[in-house]
Amino acid sequence: GSARSPKMGVGSRPPGAGIFGVFLKAQETSPTLVLRHAGLGDEGALEVSRFLSFNPHLLRVDLTGNAITATGAMHLAQALRQNNALESLVLRHNMIAEGGEGGLRKLCAAARDSTSLRHLDVGRNGLSGALAAECLGDMIRGSTVLTHVEFSWNPLDTAGGQVLLDYATQNTTLFDCQLTGCGIAPATLLEIAQLLKRNRAAKGANMQAGPYKVAVLESELPRIACPHAYEHEAATSISRSIAGDGLDGQATILPPLGASKQGDPMNAVVSSFRTAEIKERLLEWRRVRLLRDQHESTDDVHDLLEHLDRNQAKLDEEVEALGKVRTHSEAVTRGYQDRVLRYQFQVTEQRDLLLEMERERKELHG
């Protein structure tokens, strides 16, 4: 038949064909892929989808803040149907609502049918009203694998909240559903929380409320050549632990290497050391290609090197600006604390003076 357009799904083009392909190829055996605020868009989401489709190593993918619309969500949905290893997919701060309900519907259907996905985060995607809630609710009702979902800061409103509640009553395996800032009625939120607590209790509280974290074997994670690298506690396989059973209990599941306690990537993932390491590998790869065939084009490597330099420079500027803000804040705080101590001392002096004056007054009126 005719060749399928790349925009219609994962397609047949091999991973590594696009601008992010070289980076993705270098991460082939990593259990964690973090591309936060990387400017992916839907085309980049297509590249990630090709990379994800049959990757047996990836456990966690974070594509926060990449302007992914319904089109990109469709690409990722197809990849989810072909992947049977991924446990956590983070798509917060994207634009899945743009382009109609089709992208969300396919993504939710793929997540519902996945045999491995335990956590899906689609917070802040502009998902609104009962129609979006229907997609999310159908995913909750049909999945027996998902344990943690995050829908926060999508304007689902009271009607959408009721839809989610109706579907949640038919689920016995979901342990946490983040709904902050969705405009759902407090009574509805309480009922959903009670259902989730029921599910946790029925499973012996082996899972609990709070953000989902994935911990992988330390030996499976890439080492960062950084003298100030963070030390990480080794974990066995996919490790989870329990910290209470309240409605608002927080999980203490270990985050992946290079992630904070909230599961967000730290500078062990994106840093000047890591960028320099990737650039060295890219330059070596270009050298090998030119030795093999001096006429072979290496424009893709050049483009990616420029992309790395540009974004690293931007990151360095932001880090410098943050340092200046922190220094200024510390100076302001110290000044405030000094004034407080000085005023407290002055108040004490004035109080002692008043007491002495009161004593003298009493003596005079003796």
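A few points about this structure:
- Selection of the stretch 76-92 for residues being free of Cβ contacts under 8 Å to residues at least 40 places away in the same chain, open to solvent by 10 Å² or more (accessible area, probe 1.4 Å), in a loop (DSSP other than H, G, I, E, B) and not polar (S, T, N, Q) yields only A85.
This table checks each residue for (1) surrounded by fewer than 20 Cβ atoms within 10 Å (Cβ to Cβ); (2) at pLDDT 95 or above; (3) among the aliphatic types (A, V, I, L, M).
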| site | (1), (2), (3) |
| --- | --- |
| A17 | yes, no, yes |
| K25 | yes, no, no |
| P31 | no, no, no |
| F54 | yes, no, no |
| T69 | no, yes, no |
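- Applying the condition of being assigned to a helix (DSSP H, G or I) and touching a strand residue (DSSP E or B) at 6+ places or on another chain (Cβ under 9 Å) to the stretch 157-181 and asking which residue is surrounded by the fewest Cβ atoms within 10 Å (Cβ to Cβ) yields A168.
- Qualifying residue in the stretch 340-358 (condition: surrounded by 10 or more Cβ atoms within 10 Å (Cβ to Cβ) and within 23 Å of Q27 (Cα to Cα)): no
- Residue ID - nearest to L104 (Cα to Cα), chosen from residues in the stretch 133-152 that are touching a residue at least 60 places away in the same chain (Cβ under 8 Å) and not in a loop (DSSP other than H, G, I, E, B): E150
The values are calculated or read from the model by the stated rules, or taken from the named source; none is laboratory data. Keep in mind the model is a prediction, meaning the values are calculated, not measured. Cβ: placed from backbone, ideal geometry, glycine included. Neighbour counts: every protein chain shown. To get the accessible areas, we keep the full protein, side chains included, count just its heavy atoms, and leave off ligands, DNA and RNA. Shrake-Rupley method; radii C 1.70, N 1.55, O 1.52, S 1.80 Å.
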